[in-house]
1. Cβ-Cβ under 7 Å, sequence separation 6+ or interchain: first residue in the range 231-242 and over 14 Å from Ala174 (Cα atoms), partner surrounded by fewer than 23 Cβ atoms within 10 Å (Cβ to Cβ) and modelled with pLDDT under 95. Which pairs?
2. Any residue in the range 172-192 that's under 12 Å from Pro267 (Cα atoms): show its pairings with residues that are among the aromatic types (Phe, Trp, Tyr) and modelled with pLDDT of 95 or more at Cβ separation under 7 Å, as long as the two are six or more apart or on different chains.
3. Any chance you could count how many residues in the range 75-112 are in contact (Cβ under 8 Å) with a residue 12 or more places away in the chain and assigned to a loop (DSSP other than H, G, I, E, B)?
4. Taking into account only those residues within the range 248-259 that are closer than 21 Å to Leu137 by Cα and either modelled with pLDDT of 95 or more or among the hydrophobic types (A, V, I, L, M, F, W, C) (or both), which is surrounded by the most Cβ atoms within 10 Å (Cβ to Cβ)?
5. What residue, among those in the range 190-199 that are under 16 Å from Arg148 (Cβ atoms) and out of contact with any Lys or Arg (no Cβ under 9 Å at 6 or more places or on another chain), is surrounded by the most Cβ atoms within 10 Å (Cβ to Cβ)?
6. Considering (1) of a type in the set (Lys, Arg); (2) more than 14 Å from the chain's Cα centre (by Cα); (3) buried (at least 18 other Cβ atoms within 10 Å of the Cβ), say which one Arg46 fails and leave the rest.
7. Given the criteria under 23 Å from Gln49 (Cβ atoms), modelled with pLDDT under 95 and surrounded by fewer than 19 Cβ atoms within 10 Å (Cβ to Cβ), does Ala208 qualify?
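The values are calculated or read from the model by the stated rules, or taken from the named source; none is laboratory data. Just so we're clear, the structure is a prediction, and the values are computed from it rather than from any experiment. Here the Cβ positions follow ideal geometry from the backbone for every residue, glycine too, while neighbour counts run over all protein chains shown.
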Amino acid sequence: MTHLSFRSTLTILLFLFCSPGFTHEAWLEPFEYHLKKSSQVRGHIRVGQMFSGSTQLYIKDKFKRFESIHQGKERKVKGRLGDLPAIKHTLRKKGLHTLVYQSTGSIISYPNWEKFQSFTTNEGVEWAQQAHLDRGLPKEDFKESFVRYAKSLVTWKGNQGSDSVTDMPFEIVALNNPYLDHVSTLKVKVLWQGQPYEDGQLTIFKKAKDIATERSILLLDERGTAEVPLTQGFSYLLNSVLMEPIDGGKNTPVWRSHWASMTFEIPPQTK
């Protein structure tokens, strides 16, 4: 294959794998959340709905941060352009690690008002509908930019450790370790610019083999916190969305949505 045809093929693949369509959840999905032998965590960046979605390639231009954090120390998740799976990262210390991914901005267009209504209602930010009208913005053919902030809790040869604030603009922080024995709930805090995302919505997806994905909603309190019930044998995706009005025009975005997610897996009970 010539160099030119290789680049053309890669360009087509990047478009197929990375075109966002309408904004959906984005998350990190390791093949194994709990590594026993090999210290290399492998997995996908996914975009979709109901904890099911398309895989994304490793493309440096698509992210601002991609790293693992263990006891406050950060290590970049490295890769080559077009790698799939996008996560191939060796953990160097035993215990709990947080994988962190922050995307660059992308833009979508809303062809009609119904799409915007459906999205904002589903994500608990329906206040944006009236705010949109109050700003005198059009009800069709307007643009929105969006940024994604994803975290995943993984372990290697032990469960000790904790999640931490990563200083991403919008993020979900685990306030306790869901992998410790006798833990039945995970308390989380959602932060926007370092402050509690009070009264926001936290959407919870849980799935297990041969069981349909379940979706539920919790409302964050004035401290931006919520407590998530845990079930053994299930993997979880937590998601929260924040809408930010921005100055724009016909050809530039008038909204910016921020998407925070966190994934983890509660192993089945061992006999």
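1. Listed by first residue and then by second, the contacts come to Gln232/Pro267; Gln232/Pro268; Gln232/Gln269; Gly233/Pro268.
2. Qualifying pairs under 7 Å: Pro178/Phe264.
3. Of the range 75-112, the ones in contact (Cβ under 8 Å) with a residue 12 or more places away in the chain are 75, 77, 79-112.
Keeping just the survivors that are assigned to a loop (DSSP other than H, G, I, E, B) gives 77, 79-82, 84-86, 91-94, 104-105, 111-112.
Residues meeting the conditions: 16.
4. Going residue by residue through the range 248-259, those that are closer than 21 Å to Leu137 by Cα are 248-258.
Next cut, either modelled with pLDDT of 95 or more or among the hydrophobic types (A, V, I, L, M, F, W, C) (or both) only: 252-258.
Values: Thr252: 12, Pro253: 20, Val254: 19, Trp255: 24, Arg256: 17, Ser257: 22, His258: 21.
That would be Trp255.
5. Our first condition is that a residue be under 16 Å from Arg148 (Cβ atoms); within the range 190-199, this holds for 190-192, 197.
From what is left, the residues that are out of contact with any Lys or Arg (no Cβ under 9 Å at 6 or more places or on another chain) are 190-192.
Working: Val190: 24, Leu191: 19, Trp192: 18.
So the residue we want is Val190.
6. (2)
7. Values: under 23 Å from Gln49 (Cβ atoms): yes; modelled with pLDDT under 95: no; surrounded by fewer than 19 Cβ atoms within 10 Å (Cβ to Cβ): yes.
When the stated conditions are applied, Ala208 does not pass them.
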